[in-house]
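Remarks on the structure that follows.
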Amino acid sequence: MEVLVKEKILVIQTAFLGDCVLTLPMIQKLKDKFPDSEITILCIPATKELFGHSAFIDYVIEYDKKGGQKSFGSFIKLLKVIRERGFTRIYSPHRSLRSALIVFFSKAASTTGFDTSDFSFIYKTVVKYNKDKHEVARNLDLIGFDTSDEKWKVFPKIDIPDITGSKIKKMMSELGNPQLAVIAPGSVWNTKIYPEDHFKKVINYLVEKKYLVALIGGKNDEQICRRIEEQFDSGVKSYAGLLSIVESVALLKKSRLLISNDSAPTHLGMIAEIPVLTIYCSTVPEFGFYPYNSKSRFVSLEGLKCKPCGIHGHAKCPIKTFECAFDLSPDIVMASVEKLMASLEK
């Protein structure tokens, strides 16, 4: 009798939170493809919580590549751990040299990466990274999923523990169960950040519409969120740095709308399956990181010769004008909010 070998699959994704959220649909469909498989994710400490709450992932290997494990010796130890796990298949949405080396030393029988990966020749199967597709579709291409039509719109899922849901429910009750709108005004990249004065006008518009506005973000976003909160006597509260990833999703599930820069909260909105308006400053939706549920929209200033100035953005505007953000007036954003909300009422 033939003995079937259980697939032990490793997914390498050591990028930031937004990219990791967009990897979840691929993992979900990977579990469909290999239902009896054991799936492990290799990720950084900041995204361990996200992957740890996916029902489709069996094990999480944490790799602090820029912190406690950045030394060469730590990398060698990681390679040994990967090798000892005996993975049969490896898929790497992450395209770095370090990821390619992990694949090479794993000795896995089946390895798959993108043609844009560093040292792509290391992978046994190389898949075209199609720049014209959404990042979710590109990741699904990696596992051979048919993305030729709307089937690529697979929404990421995570489990929300009862204790987290209860915390958010209690918080909403204390606020009086208001009509809630969430704003995520920060980003790792400064040229992705919509100006604070513009955000203030958009938030004032929402407050006048009887929304309570909750500001969210990580520790790095605390200052910008606090400054915005302090400009309002009431109706605006900052939760930046106070909520975990899962708690942020639980809060989003209670809200009517999320307005975000081109950053990770946009993708958390896809998990929550709520309307999202994403504001593009120096980047463009054509890069493939736009909100993709039917409830969502994006707004971007067209016709600038300098835009986009890079796929990730910059610490400062390269030409010192930042007109991609300043010229995208709050009136344009507010009009987009009106259209989005009107479309939901039809």
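The values are calculated or read from the model by the stated rules, or taken from the named source; none is laboratory data. What you are looking at is a predicted structure, and each value in this text was computed from that prediction instead of being measured. As a convention, Cβ positions derive from the backbone with ideal geometry for all residues, glycine included, and neighbour counts pool all protein chains shown.
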Inset, instruction - Just give me the residues in segment 65-116 being closer than 27 Å to ASP36 by Cβ and of a type in the set (Ser, Thr, Tyr), in sequence order. - result: THR88, TYR91, SER92, SER99, SER106, SER110, THR111, THR112
Inset, instruction - State all residues of segment 288-308 that are at pLDDT 95 or above and among the hydroxyl-bearing types (Ser, Thr, Tyr); if no residue qualifies, say none. - result: TYR290, TYR292, SER296, SER300
Inset, instruction - Within segment 140-168, track down each residue that is out of contact with any strand residue (DSSP E or B) (no Cβ under 9 Å at 6 or more places or on another chain), farther than 23 Å from VAL299 by Cα and exposed (fewer than 14 other Cβ atoms within 10 Å of the Cβ). - result: ASP146, SER148, ASP149, LYS151, ASP159, PRO161, ASP162, ILE163, SER166
Inset, instruction - Enumerate the strands (runs of 3 or more DSSP E) found wholly within segment 231-346, keeping only those where 1 or more residues are crowded, with 21+ Cβ neighbours inside 10 Å and touching a residue at least 40 places away in the same chain (Cβ under 8 Å). - result: 257-261, 276-280
Legend entry - Extreme residue, farthest from the chain's Cα centre (by Cα), among residues of segment 140-167 that are of a type in the set (Lys, Arg) and closer than 26 Å to GLU247 by Cα: LYS167
Legend entry - Of all residues making up segment 250-303, the number that are of a type in the set (A, V, I, L, M, F, W, C) and touching a Gly at 6+ places or on another chain (Cβ under 8 Å): 7
Inset, instruction - Identify all residues within segment 19-68 that are closer than 17 Å to TRP152 by Cα and in contact with a helix residue (DSSP H, G or I) (Cβ under 7 Å, 6 or more places away or on another chain); write none if there are none. - result: CYS20, VAL21, LEU22, THR23, PRO25, MET26, LYS29
Legend entry - Residue tally, condition without any contact (Cβ under 8 Å) to a residue 24 or more places away in the chain and either in contact with a Cys (Cβ under 6 Å, 6 or more places away or on another chain) or surrounded by fewer than 16 Cβ atoms within 10 Å (Cβ to Cβ) (or both), over segment 105-116: 4
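With a cut-off of at least 3 residues that are among the aliphatic types (A, V, I, L, M), name the helices (runs of 4 or more DSSP H) lying wholly within segment 21-96.
Ranges flagged: 24-33, 72-85.
Among what's in segment 45-64 and is among the β-branched types (Val, Ile, Thr) and under 25 Å from THR125 (Cα atoms), pick the residue that is surrounded by the most Cβ atoms within 10 Å (Cβ to Cβ).
That would be ILE57.
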Inset, instruction - Taking ALA325 as the residue in question, decide whether it is at pLDDT 95 or above and not hydroxyl-bearing (Ser, Thr, Tyr). - result: yes
Legend entry - Leading residue by the ranking (surrounded by the fewest Cβ atoms within 10 Å (Cβ to Cβ)) among those in segment 65-91 that are among the charged types (D, E, K, R) and modelled with pLDDT of 95 or more: GLU84
Inset, instruction - Please enumerate the residues belonging to segment 190-222 that are surrounded by 18 or more Cβ atoms within 10 Å (Cβ to Cβ) and not in a helix (DSSP H, G or I). - result: ILE193, TYR194, TYR211, LEU212, VAL213, ALA214, LEU215, ILE216, GLY217, GLY218
Legend entry - Criterion (closer than 24 Å to LEU243 by Cα, touching a helix residue (DSSP H, G or I) at 6+ places or on another chain (Cβ under 7 Å), in contact (Cβ under 8 Å) with a residue 24 or more places away in the chain and of a type outside the set (Asp, Glu)) met by exactly one of LYS200, LYS192: LYS200
Legend entry - Subset of segment 147-158 that is in a loop (DSSP other than H, G, I, E, B) and modelled with pLDDT under 95 - its residue that is farthest from ILE9 (Cα to Cα): ASP149
Inset, instruction - Within segment 117-139, count every residue that is under 22 Å from the mean Cα position of the chain (by Cα), surrounded by 14 or more Cβ atoms within 10 Å (Cβ to Cβ) and either modelled with pLDDT under 95 or in a loop (DSSP other than H, G, I, E, B) (or both). - result: 5
Inset, instruction - State whether one or more residues within segment 218-237 are more than 27 Å from CYS317 (Cα to Cα) and touching an Asp or Glu at 6+ places or on another chain (Cβ under 8 Å). - result: yes
